[in-house]
Amino acid sequence: MEERLGRLLAMAGKVAREQFDRRLATVGSSLNTYIVLRMASQHPGVSQRHLAAALHIEGPTLTHHLDRLESDGFIARVRSPEDRRVSYVELTAAGEAHLDRVEAFAEIQDKEFRSLFSAEEAET
């Protein structure tokens, strides 16, 4: 019996994610770190609530990631002066430098991955 395309795509996505995450570990990062830092970089001063929504994850899950990134010195949480329940996420200089290194690495990985496809396949 032929394998269902949806399952094949899901499995291929899982393998690609795991491989990318393992490769990011070689430069001292992870896919979760990359995703959170990149989104925070694209939306400077974003609130934790909006960041969680943009990442499609629950608040407690994001809090776990932010705790680690803050202890690594990559982000700072800034309390809103108007509402102490709201915290904004800002990249630190160390976070920006780390993201730059990871972006350069991700660019290489993207080119390598795209080389497996024709231009038409990559467009599709």
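Tally up the residues in the stretch 92-102 that are in contact (Cβ under 8 Å) with a residue 60 or more places away in the chain and either assigned to a loop (DSSP other than H, G, I, E, B) or touching a Phe, Trp or Tyr at 6+ places or on another chain (Cβ under 8 Å) (or both), please. Spell out how you get there, then give the answer.
To start, the set of residues in the stretch 92-102 that are in contact (Cβ under 8 Å) with a residue 60 or more places away in the chain comprises 98-99, 101-102.
Okay, now just the ones that are also either assigned to a loop (DSSP other than H, G, I, E, B) or touching a Phe, Trp or Tyr at 6+ places or on another chain (Cβ under 8 Å) (or both), so 98-99, 102.
Going through the stretch 92-102 one residue at a time, the tally reaches 3.
Which one is surrounded by the most Cβ atoms within 10 Å (Cβ to Cβ), of the residues in the stretch 79-121 that are polar (S, T, N, Q), in contact with a strand residue (DSSP E or B) (Cβ under 8 Å, 6 or more places away or on another chain) and within 20 Å of I35 (Cα to Cα)?
First pass over the stretch 79-121, keeping only residues polar (S, T, N, Q): 80, 87, 92, 109, 115, 118.
Imposing the further condition that a residue be in contact with a strand residue (DSSP E or B) (Cβ under 8 Å, 6 or more places away or on another chain) reduces the set to 80, 87, 92.
From the residues that got through so far, the ones that are within 20 Å of I35 (Cα to Cα) too are 87, 92.
Numbers: S87: 18, T92: 15.
For the stretch 79-121, the residue satisfying everything is S87.
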H64 fails exactly one of (1) open to solvent by 80 Å² or more (accessible area, probe 1.4 Å); (2) under 18 Å from A106 (Cβ atoms); (3) over 11 Å from the mean Cα position of the chain (by Cα), namely (2)
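Condition check ((1) closer than 28 Å to K111 by Cα; (2) surrounded by fewer than 16 Cβ atoms within 10 Å (Cβ to Cβ); (3) modelled with pLDDT under 95) across all residues:
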| site | (1), (2), (3) |
| --- | --- |
| R7 | yes, yes, yes |
| A16 | yes, yes, yes |
| L24 | yes, no, yes |
| Y34 | yes, no, no |
| D72 | no, yes, no |
Flagged in the stretch 36-49 as open to solvent by 40 Å² or more (accessible area, probe 1.4 Å) and out of contact with any Leu (no Cβ under 8 Å at 6 or more places or on another chain), in numbering order, are Q42, R49
If you go through A76, A52, the only one that is open to solvent by less than 60 Å² (accessible area, probe 1.4 Å), touching a helix residue (DSSP H, G or I) at 6+ places or on another chain (Cβ under 6 Å), over 23 Å from D110 (Cβ atoms) and among the hydrophobic types (A, V, I, L, M, F, W, C) is A52
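The values are calculated or read from the model by the stated rules, or taken from the named source; none is laboratory data. Note that this is a predicted model, so its numbers are computed, not measured. Here Cβ is always computed from backbone atoms with ideal geometry, including for glycine, and neighbour counts include all displayed protein chains. Heads up: the accessible areas ignore ligands, DNA and RNA and are worked out on the full protein's heavy atoms, side chains in. Shrake-Rupley method; radii C 1.70, N 1.55, O 1.52, S 1.80 Å.
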